[in-house]
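Worksheet for the structure shown next.
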Amino acid sequence: MITDINQLDLNKTYSYADYLTWQFQEKLELLRGKIFKMSPAPSTIHQRISMELAGVLYNFFKPHPCNLFAAPFDVRLLAKKKATLHQEIYTVIQPDLCVICDDSKIDERGAIGAPDLVIEILSPGNSNKEMKYKFDLYEEAGVLEYWIVNPADKTVFIYVLKDNEFIGMHPLIEEDSIQSKLFPDLDFKLESIFN
């Protein structure tokens, strides 16, 4: 039994089956089987933005059949081969916020398969992971819409999946309104989440 993260070989490739056996407190994600440690706690600004976004999304999706989840919430992304056995799943992420409209993707351990909408909030320690690794994973898994929120610049970047590739929308700044391409009625002023 693994009870300390230091017992793991960070160069090894791990599956979701391995992940389920770990009995330690540290939070981590698996990206293509590689371990990525998560920050112990998000910054105050990260938390404020997350809560403001969660409030907007909760109110919007409450009358809809879609489900909103906030980290920590395990999402198992499937490779193109659509493996579903625990030992065949190599990516387990915890998006800051995600929306899942297909109830069959939700189980007692989190979600299996691509969320419809994923929102990641950048922090000094995770920018490379969100901008490079997760971008590629979300695109490959079939996430339909991906928002990257940058608290430092008060900007949001929206990517929409088209023909299996993310297409970037015009960057949004604090004075702009944000409108989801996937959920067009989801439209609000960005300043409401940055203040």
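Taken over the stretch 147-195, the residue count meeting the criterion of being farther than 13 Å from Val56 by Cα, touching a helix residue (DSSP H, G or I) at 6+ places or on another chain (Cβ under 8 Å) and of a type in the set (Val, Ile, Thr) is 2.
Among the residues of the stretch 54-70, is any closer than 16 Å to Glu120 by Cα, in a helix (DSSP H, G or I) and not aliphatic (A, V, I, L, M)? Yes - at least one qualifying residue is present in the stretch 54-70. In this structure, Glu52 does satisfy being surrounded by 14 or more Cβ atoms within 10 Å (Cβ to Cβ), within 17 Å of Trp147 (Cα to Cα) and over 15 Å from the mean Cα position of the chain (by Cα). Flag set for Leu57, criterion: closer than 30 Å to Leu186 by Cα and touching a strand residue (DSSP E or B) at 6+ places or on another chain (Cβ under 6 Å). Scanning the stretch 27-40 for residues that are over 16 Å from the mean Cα position of the chain (by Cα) and either loosely packed, with under 13 Cβ neighbours inside 10 Å or on the phi > 0 side of the Ramachandran plot (or both) turns up Gly33, Pro40. For the residues Ala111, Ala79, the requirement of being surrounded by 19 or more Cβ atoms within 10 Å (Cβ to Cβ) and outside any helix (DSSP H, G or I) singles out Ala111. I need a count of the residues in the stretch 148-194 that are outside any strand (DSSP E or B), open to solvent by 80 Å² or more (accessible area, probe 1.4 Å) and without any contact (Cβ under 8 Å) to a residue 60 or more places away in the chain. Within the stretch 148-194, residues that are outside any strand (DSSP E or B), open to solvent by 80 Å² or more (accessible area, probe 1.4 Å) and without any contact (Cβ under 8 Å) to a residue 60 or more places away in the chain number 8. Just so you know, in the stretch 57-74 the residues that are crowded, with 17+ Cβ neighbours inside 10 Å and more than 15 Å from the chain's Cα centre (by Cα) include one that is farthest from Pro151 (Cα to Cα), and it is Cys66. Within the stretch 115-144, the residues that satisfy the criterion of being among the hydrophobic types (A, V, I, L, M, F, W, C), modelled with pLDDT under 95 and in contact with a helix residue (DSSP H, G or I) (Cβ under 7 Å, 6 or more places away or on another chain) are Ile121, Leu122.
Within the stretch 1-26, the residues that satisfy the criterion of being surrounded by fewer than 16 Cβ atoms within 10 Å (Cβ to Cβ), at pLDDT 85 or above and under 21 Å from Ala111 (Cα atoms) are Ala17, Leu20, Thr21, Gln23.
The values are calculated or read from the model by the stated rules, or taken from the named source; none is laboratory data. Predicted model, so just to flag it, every value in this text is computed and none were measured. Because the Cβ atoms are built from the backbone with ideal geometry, glycine has one as well, and the counts that use them run over all protein chains shown. Only protein heavy atoms, including side chains, enter the accessible area calculation; ligands, DNA and RNA are left aside. Shrake-Rupley method; radii C 1.70, N 1.55, O 1.52, S 1.80 Å.
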